[in-house]
């Protein structure tokens, strides 16, 4: 009878132990419509694709594509970066329709949009969200005698 008592206590101890959570592979979600953000400066161009809420699903930049120095600010570098980001967004997430938001005054503005439309994505709208200065900088202090 003592043997039975010991086996029941070991079973309850095993059952009460916390079970480890099984790590599951993250499921790829489908994003048929989203946004494309282009930040084009004189030194670099950053391309990011997001869903309608603004959660980034794919991103690339001219620097991440291997361009260095002044070559990062060129239109060709922006084209390569846009191709890389569009490939990820299209193949992994099934992105088909995009609203384009362009920010900045760099050379990669037009070439990045052209690449996306040639890549099979439908460009629904293009919006310029470049910041406009208002009020200017703080004036210099008065000269003291």
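The values are calculated or read from the model by the stated rules, or taken from the named source; none is laboratory data. From a predicted model like this one, the values you see are computed outputs, not experimental measurements. Note that each Cβ is placed from the backbone with ideal geometry, even for glycine, and that neighbours are counted across all protein chains shown.
Quick check, is residue 102 modelled with pLDDT of 95 or more, in contact with a helix residue (DSSP H, G or I) (Cβ under 8 Å, 6 or more places away or on another chain), surrounded by 12 or more Cβ atoms within 10 Å (Cβ to Cβ) and under 14 Å from residue 40 (Cβ atoms)?
Values: modelled with pLDDT of 95 or more: yes; in contact with a helix residue (DSSP H, G or I) (Cβ under 8 Å, 6 or more places away or on another chain): yes; surrounded by 12 or more Cβ atoms within 10 Å (Cβ to Cβ): yes; under 14 Å from residue 40 (Cβ atoms): yes.
Yes; evaluated as a whole, the condition is true for this residue.
In the stretch 76-121, which residues are in a loop (DSSP other than H, G, I, E, B) and under 18 Å from residue 57 (Cα atoms)?
Let us first name the residues in the stretch 76-121 that are in a loop (DSSP other than H, G, I, E, B), namely 94-96, 105-108, 119-121.
Correct list: 94, 95, 96, 119, 120, 121.
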